[in-house]
Amino acid sequence: MKEKLMAILEELRPDVDFPAQTALIDDGVLDSFDIVSLVGELNDNFEIEINVEDLLPENFNSVEAMLALIEKMQSEN
Amino acid sequence: MYGRGGEFEEEKVQKSVLEYLENALRLVPEKLLFTDDRTEWTYAEFAGRAKRIGSALARVMEGRTRQPVAVMSNRSVQPLAGFFGAVYSGNFYVPIDSRMPAERISLMLKTLGAKVLVAGEGDRRLLGQLDFDGKVCFLDELAQEPLDQPLLDRIAGRQTDTDPLYAIFTSGSTGVPKGVLVSHRSVIDLTDQFLREFAFDETSVFGNQAPFDFDVSVKDIYSALCCRGTMHVIPQVKFSFPVKLIEYLNEKKINTIIWAVSALRIIENLDGFSTREPETLRLIMFSGEVMPVKVLNYWRRHLPQVQYVNLYGPTEITCNCTFYKVDREFADDETLPIGRPFANCEVFLLNGDEAVEAGTGRLKDSKSEDGGCGNGEPGNNGYQDGEPGDGGLRNSESESNGESLESRGRESAQGEICVRGTCLALGYYNAPEKTAEAFCQNPLNQSYPERIYRTGDIGRYDAQGLLYFVSRKDAQIKHMGHRIELGEVEAAVNALPYIDAGICLYLDDRIVLCYQCGGACEKELLRDLGKKLPKYMLPTQCLWYGRLPLNKHGKIDRVLLRQELSGEG
């Protein structure tokens, strides 16, 4: 799952070194257009439905946080 | 105009936007004017700070006025005090987004010939990367300096309403950004028209979305000041997370938003209203690109009581020249009109140098000769773009230039949207040739000098005389609400030492770069472009070619590439 996520992130923003980042949102690395694309990609690739209640900065600040969100969404399904 | 203290004092001519602030200062000094997530300023606090900064800047400028003062800008209230400080000093401000790459900022400062750059403490690292030999002043230090009211009074006394207020940079096709210079009078005119048309008053609470180097924000700032309202600078991060954004709108009781279409679209994309809705909004205005009706309908379904207004206009005519108050239902596949001109401005269609009249679908007279002052870039016609993803456009398959434009004009009353009136910018700063190209003599007036601005947008009228945006005329595109000359992106690509050649196409809302070099190098390419161009100008997709196709003139065959990539070939 992590590899798949990394591939999506690499595709989205080839200029960002994702493993090193822990404040992707707080530092403004990802902007709203990135988030819109990312949410679409995550929904499609992991067969989840991220709703607005889960769409919070803390769930997108790092690769780990995104993985945790995906796992949570998948277990709820 | 009847002198100090006279009985007509109330009717004196407004010369400066500062009078909005001075007026409010007398009436509501303790009211909140600007806030962000860290700072809240009342009218009195803001004016005091701006005047101290203005006094200090006037000393730095050593008596020179009408000069550019570049101000590093971010999503906080701090740059606003810098802007007004520059104006109090008798000069004009130039917002420079601190998130821009250092190279582009250096280019802007060079274009301006700026002697002074005003920055915040947070900009120190960036400043070290700039190629700038003028004086750098820090906002907090300027604001410590004493107020010199007599100095400010002397400066104000010499001012006229045709003095420049700000310059805002837009993308330029040769790779050099253009600074659009706008006068006090144009902004006063815009603000007065907005106040009249949209009934802003002291209860208006504005939620600012647009960055200050984007002229959408001009409407927030001056409308708030003029109506003695309040403007909240919404933290950028809220726009990624609708729940947070809605909480914020409700908490601040924001009732008026003037946003880029892209910001409204994000909420729709993320189904932002599925669990919570804004409670205090009463007026929503949008501009920047064509509003997809699907997005508008999403908002209207959730917030039916709100007045929605479509605004149209390029930076060169001071924000907006037409508006349309949404007054009926629209189907998702319909196109929203850009409406009618504001009261003190004329908007008309030209086909070449001939007027296209509303309702007739015919040209006014039959002679046809293309005027020499369009701002289209000759030679770039192979990659005209436009049709930003909206339906209902006629003749959108038309790929070529003036000829088809004329035939389009005859069929459906289409032509280039042109504007005349007080709203016209003064021109492009330090760029007389570009200014002369875009701001030219009205070809319908042979009798006296009268400037018009040719927008480069193609428009049409409907049977009711309402205007519609049809497409762009040249290679300038609207991408994520930003106006971009693809030529500027290409110039940056072609400047890279390892790239043989590159051209950009705009396909399905994506900037597609086709580049030729020794081997595919997308990552390196995007990283290097990121040092020169803001993120919104970076190609969405990079396609490597061992050899780019050439046409019979030996130029890169844009038409063929476009056909191949859009699946037409």
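Any read-out appearing in this document is the output of simple, stated calculations on the displayed coordinates, not a laboratory observation. All figures in this text were calculated on a predicted structure; none of them were measured in a lab. FYI the Cβ positions are ideal-geometry reconstructions off the backbone, even for glycines, and counts take in every protein chain you see.
Please report the net charge: other residues with Cβ closer than 14 Å to the Cβ of B:F206, K and R +1, D and E -1.
Working: positive: B:K31, B:K219, B:R228, B:K252, B:K253, B:R282; negative: B:D36, B:D201, B:E202, B:D220.
Result for the local shell: +2.
Under a point-charge model restricted to the Cβ atoms of Lys and Arg (+1) and Asp and Glu (-1), what is the dipole moment magnitude of chain B relative to its Cα centre, in debye to the nearest 20? The partial results should precede the final answer.
Details: 66 positive and 81 negative charges, 195 e Å.
With Lys and Arg at +1 and Asp and Glu at -1, about 940 debye.
With the charge dipole of the protein assembly as shown set up from +1 on Lys and Arg Cβ and -1 on Asp and Glu Cβ about the Cα centre, the Cα lying farthest toward the positive end among the listed residues A:V16, B:T256, B:Q14 is that of B:Q14. For segment B:193-247, the relative contact order works out to 36 percent when only alpha carbon pairs closer than 8 Å and six or more residues apart are counted.
Sorted from longest to shortest, the spans of the Cα atoms of segment B:495-565 along the three principal axes equal 35, 28, 17 Å. Each of B:T170, B:L109, B:L548 was placed along the dipole of the protein assembly as shown (beta-carbon charges, centred on the mean Cα), and the one lying farthest toward the positive end is B:L109. For segment B:27-37, the Karplus equation 6.51 cos²θ - 1.76 cosθ + 1.60, evaluated at θ = phi - 60°, returns couplings of 8, 9, x, 8, 6, 5, 9, 10, 9, 9, 6 Hz by residue, with Gly and Pro reported as x.
Only DSSP H runs of four or more residues enter the estimate; each adds -39500 (n - 2.57), and after division by the residues of the protein assembly as shown the mean residue ellipticity at 222 nm equals -10000 deg cm²/dmol. Listed by chain and number, the lysines whose alpha-carbon sits under 19 Å from that of A:K72, ignoring those within fewer than 8 places in the same chain, are A:K2, A:K4.
How high is the relative contact order of chain B, given as a whole-number percent (alpha carbon pairs under 8 Å, six or more residues apart)?
On the way: 1186 pairs, mean separation 66.4, N = 569.
Once normalised by length, the contact order is 12 percent.
The 3J(HN,Hα) values that the Karplus relation (6.51, -1.76, 1.60; θ = phi - 60°) gives for segment B:339-351 are, in residue order, x, 10, x, 5, 4, 9, 7, 10, 10, 9, 9, 10, 10 Hz. Gly and Pro appear as x.
Between B:N430 and B:D327, the simple label model (points 7 Å from Cα in the Cβ direction) yields a spacing of 4.7 nm. Residues in segment B:268-276 carry Karplus couplings, in order, of 5, 3, 9, 6, x, 9, 5, 10, 8 Hz; the curve used is 6.51 cos²θ - 1.76 cosθ + 1.60 with θ = phi - 60°, and Gly or Pro positions show x. Within chain B, the proportion of C-alpha pairs whose separation exceeds 35 Å stands at 38%. Kirkwood radius, the protein assembly as shown, all distinct C-alpha pairs, inverse of mean reciprocal distance: 26.0 Å. Peptides B:480-490, B:318-328, B:75-85 ranked from most to least packed, by the mean per-residue count of other Cβ atoms within 10 Å: B:75-85, B:480-490, B:318-328.
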